[in-house]
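> Questions regarding the structure given below will be posed in turn.
Taken together, the values in this text are just the output of simple stated rules run on the coordinates, not laboratory data. None of these values were measured; they are calculated from a predicted model. Heads up, the Cβs are rebuilt from the backbone with ideal geometry, glycines too, and the neighbour counts pull from every protein chain shown.
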Amino acid sequence: MHQSTIPVLDLSRFQHDKDAFVADLGAAYQAWGFAGITHHGIDTVVIRDALAASAEFFSLPDAAKKQYFYDNGGTRGYTPFGTEIAKNATFVDMKEFWHVGRDITGTPPFPQLTANVWPIEVPAFKPAMQALFIALDRMANELLQAFALFLGEAEDYFLNRVQWGNSILRPLHYPPITDPSLPNVRAGAHEDINLITLLVGSEQEGLEVLSNTGEWTGISMIEGTIICNVGDMLQRLCNHRLPSTTHRVVNPKGPAGKISRYSIPFFVHPNPDMSLDALPQCVSAENPKRDEAILAHDYLMQRLREIGLVK
Ligand SMILES: O=C(O)CCC(=O)C(=O)O
Ligand SMILES: [Fe+2]
């Protein structure tokens, strides 16, 4: 039966009902590339504090925010409105965001893992984002264990392939769209580049996912549910057995469109030297290899140039 919206998975089942959970996860992602995740073990306070700190930062005057806009391809700090554009889109996205990376003590094993910057105007921002980064990183590792099993690899397949990944936590702000001459799209249709994405703040309306029958499906979750979707890197690795589904953010009709949207995606990246070549067990006569072999870092650079974040 065709489900009309994305499935919801209870992550606590991975610990006590592993085989059934992995089968359900595989079915959910093969159908949608997206699922809501409940019982993920992340305290609601961690999520609320991060969303509150994000709203506080974005309410600062432009001049204060722009102090944190660096010519670094948006890798750390603030990126103002009008910078990012979805591949092949006409209008820039109606969003501003901040990038938090992995906190490293000592010399980073990869040069991409540059130091974080923090806004001094909002003291709560740093501890709130650090706590959310650590919690989502842990949750991602658990989900990747389940994905590894589904794909016929050992449970720990990803663990030493992601621990130095340049994963990015991205607090986002979409302002209300009040100018009627602007399109109603806050973030243009796109696929995520990375392995998987975890999305916090999805209770607000506006996110739409393209179903496998070609319909835009509006997604809003009960508070605390974290959406997880497959990105292009995982799609390549599994030779499209799991789809990296197109999604976008629209300005909802009615009162929800008159207020700002705050969401926080966590883009899970593999170590820069991980090969994204299709796993041999995912290639067959019926499903021949679709993409060329490429290293994660080279693939990322290619994609960041396409969306205007790297010139
Ligand atoms: O704001 C959202 O809910 C989704 C954001 C998103 O898809 C992205 O930043 O890649
Ligand atoms: Fe996305």
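> What percent of all Cα-Cα pairs in the range 160-293 falls in each 5 Å bin, counting up from 0?
Reading upward from the zero bin: 2, 10, 16, 20, 17, 13, 10, 6, 4, 2, 0.
> Counting only Cα, what are the radius of gyration and maximum Cα-Cα distance Dmax of the range 2-306, in Å?
18.7, 58
> Can you order the peptides 258-269, 215-226, 147-158 by their average number of other Cβ atoms within 10 Å per residue, highest first?
258-269, 147-158, 215-226
> In whole Å, how far is the Cα centre of the range 283-298 from that of the range 114-152?
That distance is 28 Å.
> Residue separation times 0.36 nm, minus the C-alpha to C-alpha distance between residue 46 and residue 121: what's the value?
Going from the current span to full extension adds 25.0 nm.
> Can you compute the charge dipole magnitude of the range 2-306 about its Cα centre, using +1 on each Lys and Arg Cβ and -1 on each Asp and Glu Cβ, nothing else charged? Give it in debye, rounded to the nearest 20.
The dipole magnitude comes to about 520 debye.
> Which one, 39, 268, 279, is farthest towards the positive end of the dipole of the range 2-306 when Lys and Arg carry +1 and Asp and Glu -1 on their Cβ?
It is 268.
> What's the angle, to the nearest 10 degrees (0 to 90), between helix 44-58's Cα axis and the longest principal axis of the chain?
The answer is roughly 40 degrees.
> May I pose another question? So if each residue of separation counts as 0.36 nm, and I subtract the Cα-Cα distance between residue 3 and residue 66, what length gain in nm does that give?
Using 0.36 nm per residue and subtracting the Cα-Cα distance, I get 18.3 nm.
> If only Cα atoms are counted, what is the Rg of the range 59-199, and what is its Dmax, in Å?
My reading of the Cα-based Rg and Dmax gives 17.3, 52 Å.
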